[in-house]
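S.K.: My structure is below; once you've seen it, I'll send some questions.
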Amino acid sequence: MNKESSGHRSEDSRSEIIPGRQGGSPLRNLRTFSSLKNRDYRFYFIGMIGQWASMSIQIMTNSLLIYRLTGSTVLLGTLAIAQSLPILLFSIYGGLVADRLRKKHVLLVSFGGQAAITLAVALALISGYLSPQNVGSWWVLIATSFLQGSITAFMMPAQRAVIPEIVNRELVTNAVALNTMGQNVLRLLAPASTGFLIDAFGFPAVFLVMSGLYMIGMAFVAFIPLTAKAVTQAGGTLADIREGFRYMWRENIILFILAWSFCGQAAIAIFSRLMPIFADDILKVGAKGMGLWLSVSGAGAIVSSLTFASLSPRRRGFTHVSGSIVMALSIIGFSFNRSWYPSLVLMFFQGLGSTTGRMMGEALLQDYTEAEYRGRVFGIHVMEQGLTGISAFLIALLAAAIGAPMSIGGCATFMILLGIMTLVFNSQYRRLA
């Protein structure tokens, strides 16, 4: 399916720059921000800021809230699986929807649903129903996490697969890097401010902020033009899904990118879900300390995304694996560290490595996947998040038995061994451009 027949905008339109700034705008001279010269990508990018900010806040808020309501490590894992299970079950259908429907419409409906859910949690907290005094009220967080995971299963494939439809192919890696940079700026700013907001105004204020951010995101996504939808097979939903799996099985590069991306996602999901244990019970730094950890991790992520947004893409296979190894080494160090300042340094490298691995994996998928399968491939990529939630649940059970440091450190060690084996024995992937 070529770009002309699929309803894409012309090359001149897709490379449009801001009117009136053709002269001395620094954006024209910096490769780092090349994709932002595209008007459609600017609307997309600003719209995504609302979603990224809400997700950054939610990562910290939901897990800390349920842990303070119950004090249960097992329920921390249950929360993870409640949000991850629907992603595992529905994201392949979400990928097919991204191929069949206009991605803009999928994003608008998804953002609206997320706004409504976070508003409902805020009202449950304000009314006093969701509180430590109402034993068992934690079910609200489990139920809303399941609903949010269901929406995410349909939102994320469209959110990722739309990028090559609004920027030229040579800018895909740059656009992915800018997306990652935007997410990581918010990872830097949102968690620390969330910790202070929780301590100053309580959890209800945080959920109201998240709902508002989703609605702001909707307003900007509304300005994105309608993009193409792939022409799927005539055999119906199941036939299209089977064809997507057959395509991934035929393409060894796609299959390996997905497999290694899952390893990286699993490691970071396990680490982030169990972080409240380190914040409240091991290093005893509370919400503010946990927020600062996540913000320092965001700083490392920003360094990574800025670096790769500025450079021409090369040796991305090697970088994909190496970044994940750096992340795993930092997780091991953090797990057994008992001092505040070293924990900050380790979180910086954790953010640096995890972002490098995740960003390279997504850019490789964008470049090496044929357009008509892109939604379904990213559906599988998002489905892996569901598997990581199950991994986090199992490791939470293990942590209850042998402790968080040993369980997390053991998983990271296994990942390092897999990464070294890949770099040594898989030369094709190591040299992948």
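The values are calculated or read from the model by the stated rules, or taken from the named source; none is laboratory data. Treat the numbers as computed from the prediction; the structure is a model and nothing was measured. Counting neighbours? That spans all protein chains shown, and the Cβs are built from the backbone with ideal geometry, glycine included.
S.K.: What is the one condition in (1) in contact with a helix residue (DSSP H, G or I) (Cβ under 6 Å, 6 or more places away or on another chain); (2) surrounded by fewer than 20 Cβ atoms within 10 Å (Cβ to Cβ); (3) β-branched (Val, Ile, Thr) that THR237 does not satisfy?
M.R.: Failed condition: (1).
S.K.: Select from the range 313-343 the residues that are surrounded by fewer than 13 Cβ atoms within 10 Å (Cβ to Cβ), free of Cβ contacts under 8 Å to residues at least 24 places away in the same chain and in contact with a helix residue (DSSP H, G or I) (Cβ under 8 Å, 6 or more places away or on another chain) and list them in ascending order.
M.R.: Once the filter is applied, which keeps residues that are surrounded by fewer than 13 Cβ atoms within 10 Å (Cβ to Cβ), free of Cβ contacts under 8 Å to residues at least 24 places away in the same chain and in contact with a helix residue (DSSP H, G or I) (Cβ under 8 Å, 6 or more places away or on another chain), the range 313-343 yields only PRO342.
S.K.: Quick one: which of SER110, SER91 is buried (at least 24 other Cβ atoms within 10 Å of the Cβ), under 21 Å from the mean Cα position of the chain (by Cα) and without any contact (Cβ under 8 Å) to a residue 60 or more places away in the chain?
M.R.: SER110
S.K.: Output the number of the condition that ALA143 fails; it satisfies all remaining conditions of (1) aliphatic (A, V, I, L, M); (2) in a loop (DSSP other than H, G, I, E, B); (3) modelled with pLDDT of 90 or more.
M.R.: If we test ALA143 against (1) aliphatic (A, V, I, L, M); (2) in a loop (DSSP other than H, G, I, E, B); (3) modelled with pLDDT of 90 or more, just (2) comes out false.
S.K.: Cβ-Cβ distance below 6 Å, separation of 6 or more or different chains: which pairs start in the range 251-274 with a residue that is within 18 Å of GLY419 (Cα to Cα) and end on one that is among the acidic types (Asp, Glu) and surrounded by 21 or more Cβ atoms within 10 Å (Cβ to Cβ)?
M.R.: Close Cβ pairs (under 6 Å, with a partner that is among the acidic types (Asp, Glu) and surrounded by 21 or more Cβ atoms within 10 Å (Cβ to Cβ)) amount to PHE262/GLU384; GLN265/GLU384.
S.K.: Then there's this: Which one of these is in contact with a Gly (Cβ under 9 Å, 6 or more places away or on another chain), in a helix (DSSP H, G or I) and either modelled with pLDDT of 85 or more or of a type in the set (S, T, N, Q) (or both): GLY50, GLY112?
M.R.: Step by step, each of GLY50, GLY112 is checked, and only GLY50 is in contact with a Gly (Cβ under 9 Å, 6 or more places away or on another chain), in a helix (DSSP H, G or I) and either modelled with pLDDT of 85 or more or of a type in the set (S, T, N, Q) (or both).
S.K.: What number of residues within the range 159-209 satisfy the criterion of being among the hydroxyl-bearing types (Ser, Thr, Tyr), crowded, with 23+ Cβ neighbours inside 10 Å and either within 26 Å of VAL109 (Cβ to Cβ) or more than 18 Å from the chain's Cα centre (by Cα) (or both)?
M.R.: 2
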